[in-house]
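The values are calculated or read from the model by the stated rules, or taken from the named source; none is laboratory data. These numbers come from a predicted model, not from an experiment. All Cβ positions, even for glycine, are placed from backbone atoms using ideal geometry, and neighbour counts span all protein chains on display. Side chains included, ligands, DNA and RNA excluded: accessible areas come from the protein's heavy atoms. Shrake-Rupley method; radii C 1.70, N 1.55, O 1.52, S 1.80 Å.
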Amino acid sequence: MSDFQNAVQVVHDALVKLRDEGVELRVSRDTLDALRHPVVRKKIETPSAAAALPVKAKVSSTDKAPKMAAMRERVLVCEKCTHLASTRTQVVFGVGNLDAELMFVGEAPGADEDLQGEPFVGKAGQLLTKIIETMGFQRDEVYIANVLKCRPDMPAGSTGNRKPTSPEMQTCLPYLRQQIEIIQPRAMVALGATAMEGLTGSVEPMNRLRGRWHEFEGIPLMATYHPAYLLRNQSLSEKRKVWEDMLLVLERLGKPISEKQRNYFLQK
Ligand code: URA
């Protein structure tokens, strides 16, 4: 018996006792009978407050700038990876339009980015800018960020880059996730297998990842080769692969695609 039924029973028994003692009750026999057999209504299921909320709370355009600025302040002084905090010139936060429909995600700042404080400004970055413009966007219309906000440290005297480690990427990923939550792009492009690994945990090679849609927290995610790969492999066929991935992105965004754009890097 439920607590409610118990309570009704107690009230019923008390009223019957009073009646039997000769107290004049202003309660009809029908009401007393009804109390003996209370109708327990089924609890009406209402959606909980959390379930009623949209899966992703929309961030209004006016809230985006202060949210991103506050976050930026926190990231610029981050020291979670002490080895990176002590070797970086500066944190490379991210750049672009907070209302961008499209977001590009790379792996980590290189030497140029570490010096200038902006992602993709070196040679690979210049190629990325060309790709963005060939798609029909200006660089400042999209948003560009990296999984890692600090340049991976290198042995003294070395000029090369190293792949970010998995713990480094996992430590930094919450910052990228917050950037994505603020911007809420309609599509994202992961540049290179390492960016894909940082975003999704996938360790598949790019030739298996590219050319099809993946997802990051409900946002369509295209994987393609890193522009640095194209600088090392200048063949038309590799450029065409990246371009085909970008055509898929344009189609997904509903952008018009000219005949000229469709035919870029096709072998003659
Ligand atoms: N490569 C990246 O992945 N990110 C940059 O910002 C620059 C080069």
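Give the ranking of Met154, Met196 by solvent-accessible surface, highest area first, calculated with a 1.4 Å probe.
On the way: Met154 55, Met196 0 Å².
The most accessible residue leads, giving Met154, Met196.
Where a ≥ b ≥ c are the square roots of the eigenvalues of the C-alpha gyration tensor, would you call region 192-268 rounded, which needs a/c under 1.5, or, failing that, prolate if a/b is larger than b/c, or oblate?
oblate
Starting from the Cα-Cα distance between Arg212 and Leu266, subtract it from 0.36 nm times their residue separation and give me the gain in nm to one decimal.
Details: separation 54, 0.36 × 54 = 19.44 nm, distance 1.95 nm.
Residue separation times 0.36 nm, minus the Cα-Cα distance, leaves 17.5 nm.
Among residues other than Ala100 whose Cβ falls under 10 Å from its Cβ, what is the net charge (Lys/Arg +1, Asp/Glu -1)?
Residues close to Ala100 contribute a combined charge of -3.
What does the charge count around Ala223 come to, taking other residues whose C-beta lies under 15 Å from its C-beta (Lys +1, Arg +1, Asp -1, Glu -1)?
Local charge sum for Ala223: -2.
What accessible surface, in Å², does a 1.4 Å probe find on Glu251, ignoring ligands, DNA and RNA and rounding to the nearest 10?
We get 90 Å² for Glu251.
Between Thr89 and Ala57, what length comes free when the chain is fully extended (0.36 nm per residue of separation minus the Cα-Cα distance, one decimal in nm)?
8.0 nm
Tell me, what is the 1.4 Å probe accessible area of Trp243, in Å² to the nearest 10?
Its accessible surface works out to 10 Å², give or take rounding.
Taking the dipole about the Cα centre of region 175-262, with the C-beta of Lys and Arg at +1 and of Asp and Glu at -1, give me whichever of Gln178, Ala228, Ala193 is farthest to the positive side.
Sorting the options by dipole projection puts first Ala228.
Let me cross-check Thr165: its accessible surface, 1.4 Å probe, with only protein heavy atoms counted, in Å² to the nearest 10?
Roll a 1.4 Å probe over it and Thr165 shows about 60 Å².
Tell me the net charge near Pro164. Cut-off is 12 Å between Cβ atoms, Pro164 excluded, with +1 for each Lys or Arg and -1 for each Asp or Glu.
Once positives and negatives cancel, what remains is 0.
Near the amide H of Val189, under 5 Å away, which other amide H atoms are found, from residues 5 or more places off or on another chain, if H is placed in the peptide plane?
It is Met103, Phe104, Val105, Met222, by chain and number.
Please get the size of the charge dipole for region 128-212, origin at its Cα centre, with Cβ charges of +1 on Lys and Arg and -1 on Asp and Glu, quoted in debye to the nearest 20. Don't skip to the answer; put the middle values down first.
Numbers: 11 positive and 8 negative charges, 40 e Å.
So the magnitude is around 200 debye.
Could you look at region 146-221 and say what percent of its accessible area is carbon and sulfur, using a 1.4 Å probe and all protein chains?
The C+S portion of the solvent-accessible surface of region 146-221 is 49 percent.
Rounded to the nearest 20 Debye, what is the dipole magnitude of region 137-268 about its Cα centre when Lys and Arg each give +1 and Asp and Glu each give -1 at the C-beta?
480 debye
Rounded to the nearest whole Å², what accessible area per residue is found for region 127-256 with the 1.4 Å probe?
For region 127-256, the solvent-accessible area averages 43 Å² per residue.
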